[in-house]
Structures are given as C-alpha cells and as structure tokens.
Amino acid sequence: MSFETVIVERQAAVGIIRLNRPKALNALSLQLVAELNQALDAFETDPEIGAVVLTGSDKAFAAGADIREMQPLSYVDLLADDFVAAWERLARMTKPVVAAVAGFALGGGCELALMCDIVIAADTAKFGQPEITLGLMPGAGGTQRLARAVGKAKTMDMVLTGRMIDAAEAERIGIVSRVVPSAELMETALAVATRIAALSQPSVRLAKEAVNRAFEGGLADGIRTERRLFQSLFATEDAREGMAAFTEKRVPHFRNR
Ligand code: CAA
C-alpha cells in the first residue's frame, strides 16, 4: 500500500503508522483520515500483527481537524456528511494501539490520542482542545473521553479555555501513561507494543474490550461484562498454558488459541 499522508511500516509483530503531512502539522484532512483508516484496516486483519503504534513527527502528533477544509462547511453540510464519523475507526480497533506523541496533539489530534489504548509522550508533547478559540468545540469524542480520563475539573479547564498543557501535566492528570525524553519516544512505544504483541492475543483483545467497557456504560454493566469476558478466557489453551507455566516456573508459549 502506498499513501501520501501516512507512512506505514512494520517491525516484527508491530504495525507502525506515522501521520505525515509536515507542512500542515499533520492536520487531519479527509485524505489523511481515509489513509489512516486503510492502514488500520490492514493491520487489524493481519494475523501477524499483534499491536499498532500510531505516531506523528517531532513537531506534531496532529494539530487537529484541517481548519482549511472545515472553513467552508455549513451546519447542513455536516448533517449531510458527518466527516468526523470516519475518525471513530481508530476507537473500534480490537488490537491495542499505542500512541507515541511528540509536539502538538491539539483538537482532533488530542482526541485521536485519547482513542488509543496507551499514550506515551515525549517531553516535548503538548496537549490541548483549542476548538473553543475557533468558536467551535471538540467534535471527535474529546468532551466525553477527556472527561472520563481526567475528570470534570481539568476537562472544563482545557475545553473552555483552550489552553495547552505540557507532557508533565498530561501525565499527572492521566492523559498519558509515560513521559520519556524525545529521543527515546519510538523505542519506548515499540517496546510497549512488542511486549503486548508477544502475549496471548485472545486475552489481550478481551482485556482491552473489558477496560473500554468501563468508559462506555455504567459500573454494573461494566462489571458484568468483565466477568463474562474473564470467564470466557478459561476456554482458551493460552490461559491453561499461562497458568501452567507460572506454576512450573517457566516462560509460557502462547499460540493464540
Ligand atoms: N488545520 C489546517 N492547517 C493547520 C492546522 C490545522 N488544524 N494547524 C496548523 N496548520 C498549518 C498552518 O496553517 C500552517 O500552514 P501555512 O504554513 O500554509 O500557513 C502550518 O500548519 C504551520 O502552522 P503554524 O505556522 O501555525 O505553526 P506554529 O508553530 O506557529 O503554531 C500551532 C502551531 C499552535 C499548532 C498552530 O498551528 C495552531 O494553533 N493550529 C490549529 C490548532 C487547532 O485549533 N486545532 C483544532 C482544530 S478544530 C478540531 O480539531 C475539531 C474537532 O475536534 C473535530
């Protein structure tokens, strides 16, 4: 597959997608999102791939929706063509996605990071929901995912003022799992993704589904879903192998069965 706005690579069982519109700080144009989705589809259906790393450049993960493309659109245009709906492909991935964020992750860029399962940030990363400064508001899940990730106080602060926060604050409030020096960003993200890809894929998939359920519905529903998914893993050979390996003090050999 060859793309203009994303670069796709693989490293063993990890798929790597790099957003690549340097002149527009990786603003999320229709073309970029379409190409991102094709790359995600390809990795999702590739049995050799166990996890995906999504990244941008040193300067920008993504600076949000493409404002030039949005500028001429009317309310009725958006009712007829809900362009942001396509962005949800990332949130529907069943394979884990690790975001490696350096530079700006603003607006839709911050929202893309929030759709990923683990966010590793370079110390240069800056997160923000500046839509309010355009007379808009977040439109790709930002108000919902941010509120669930960091609570009301910080969400209101970011969404209503549009201020950017640095990597340290993003880690403190829970947008980011780890902050690393810029030069170690990809190495760290790849190590995390490689570790996940080496584990039993059925248990990774269901564990991700169970955690995501915590953000979708109420607590009782989430606990019930978690119990059902937990029980279903006892039907896999990998769970037998994993528990046997532990008691036998050896490394497990998972076969994704
Ligand atoms: N859309 C389109 N183009 C963008 C862009 C965006 N979101 N962000 C940056 N660019 C373009 C700039 O227009 C500029 O292009 P030209 O050289 O052709 O003028 C180029 O990228 C470099 O940008 P700057 O010169 O502005 O770079 P800077 O270092 O001075 O500032 C910045 C960087 C603070 C990120 C600034 O570019 C900025 O504020 N960008 C917009 C951020 C924003 O408001 N994002 C929210 C978009 S709305 C949204 O995302 C809706 C949603 O939730 C669905």
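If you take the charge dipole of the chain about its Cα centre, with +1 on Lys and Arg Cβ and -1 on Asp and Glu Cβ, which of Q129, A244, N26 is farthest toward its positive end?
A244
Which of the three applies to the range 1-73, rounded, prolate or oblate, going by the alpha-carbon gyration tensor with a ≥ b ≥ c and a/c under 1.5 meaning rounded?
Values: a/c = 2.82, a/b = 1.87, b/c = 1.51.
Prolate, because a/c is 1.5 or more and a/b exceeds b/c.
I'd like to check one number: the per residue accessible area of the range 6-89, probe 1.4 Å, reported in Å² as a whole number.
Numbers: 4330 Å² over 84 residues.
It amounts to 52 Å² per residue over the range 6-89.
Which FRET efficiency value, to the nearest 0.05, is calculated for D157 and A214 with the Förster distance at 30 angstrom and r the Cβ-Cβ distance?
Numbers: r = 23 Å, r/R0 = 0.78.
Working from the Cβ atoms, E equals 0.80.
Skipping prolines and chain starts, which residues have an amide H placed within reach, meaning under 5 Å, of the one on A65, given they are 5 or more residues away or on another chain?
L28, G108, G109
Per the 1.4 Å probe, what fraction of the accessible area of the range 114-196, in percent, lies on carbon and sulfur atoms? Please list the in-between numbers first.
Numbers: 2250 of 3990 Å².
Answer for the range 114-196 is 56 percent, counting heavy atoms of protein chains only.
Running a GNM on the chain with Cα contacts under 10 Å, which residue among D58, D77, D41 ends up with the highest mean-square fluctuation?
Comparing D58, D77, D41 in the GNM, the peak value goes to D77.
Once you've got the GNM for the chain with C-alpha springs shorter than 10 Å, pick whichever of L233, L206, L73 has the biggest mean-square fluctuation.
L73
Need one number: % antiparallel among DSSP beta bridges in the chain, to the nearest 5.
Numbers: 8 of 30 bridges.
Just about 25 percent of them are antiparallel.
Non-local amide H neighbours of V101 (under 5 Å, H modeled in plane, Pro and chain starts lacking H): which ones?
I120, A121, A122
With θ taken as phi - 60° and the coefficients 6.51, -1.76 and 1.60, list the Karplus ³J(HN,Hα) couplings across the range 30-46 in order, rounded to whole Hz; mark glycine and proline as x.
4, 4, 4, 5, 4, 5, 4, 5, 4, 5, 5, 4, 5, 6, 4, 9, 8
Lysines near K152 by alpha-carbon distance under 20 Å, same-chain residues fewer than 8 away left out - which ones?
The qualifying lysines are K126.
At 1.4 Å probe radius, can you tell me the per residue accessible area of the range 145-198 in Å²? Walk me through the numbers on the way to the answer.
Details: 2860 Å² over 54 residues.
Computed with neighbouring chains in place, this is 53 Å² per residue.
Once phi is turned into ³J(HN,Hα) by the Karplus curve 6.51 cos²θ - 1.76 cosθ + 1.60 with θ = phi - 60°, what whole-Hz value does each residue of the range 169-178 show in order, with x for glycine and proline?
In residue order, the calculated couplings are 5, 4, 6, 4, 8, x, 7, 10, 7, 9 Hz.
Please state the shape class of the range 200-248: rounded when a/c is under 1.5, otherwise prolate if a/b exceeds b/c and oblate if not, all from the C-alpha gyration tensor. Please list the in-between numbers first.
Numbers: a/c = 3.05, a/b = 2.46, b/c = 1.24.
Prolate is the answer for the range 200-248, as a/c is 1.5 or above and a/b outweighs b/c.
With springs connecting C-alpha atoms under 10 Å apart, model the chain as a Gaussian network and identify which of P130, P96, P202 has the largest mean-square fluctuation.
In this elastic network of the chain, the residue with the biggest mean-square fluctuation among P130, P96, P202 is P202.
Tell me the Kirkwood hydrodynamic radius of the chain in angstroms, computed as one over the mean inverse distance between distinct C-alpha pairs. Could the numbers behind the result be given before it?
On the way: mean 1/r = 0.0523 Å⁻¹.
Taking every pair of different Cα atoms in the chain, averaging 1/r and inverting gives 19.1 Å.
Rounded, prolate or oblate: pick one for the range 110-257, where a ≥ b ≥ c are the square roots of the eigenvalues of its C-alpha gyration tensor, a/c under 1.5 means rounded, and failing that, prolate if a/b is larger than b/c, else oblate.
Working: a/c = 3.26, a/b = 1.69, b/c = 1.93.
Oblate shape, in that a/c is at least 1.5 and b/c is the bigger or equal ratio.
So what J values fall out for the range 70-81 if you push phi through Karplus, 6.51 cos²θ - 1.76 cosθ + 1.60 with θ = phi - 60°, rounded to Hz, Gly and Pro as x?
Here the 3J(HN,Hα) series is 7, 3, x, 6, 9, 4, 5, 4, 5, 5, 6, 9 Hz.
The values are calculated or read from the model by the stated rules, or taken from the named source; none is laboratory data. Everything numeric here is computed off the predicted structure, so don't read it as measured data. Backbone-built Cβ (ideal geometry, glycine too); neighbour counts: all protein chains shown. Heads up: the accessible areas ignore ligands, DNA and RNA and are worked out on the full protein's heavy atoms, side chains in. Shrake-Rupley method; radii C 1.70, N 1.55, O 1.52, S 1.80 Å.
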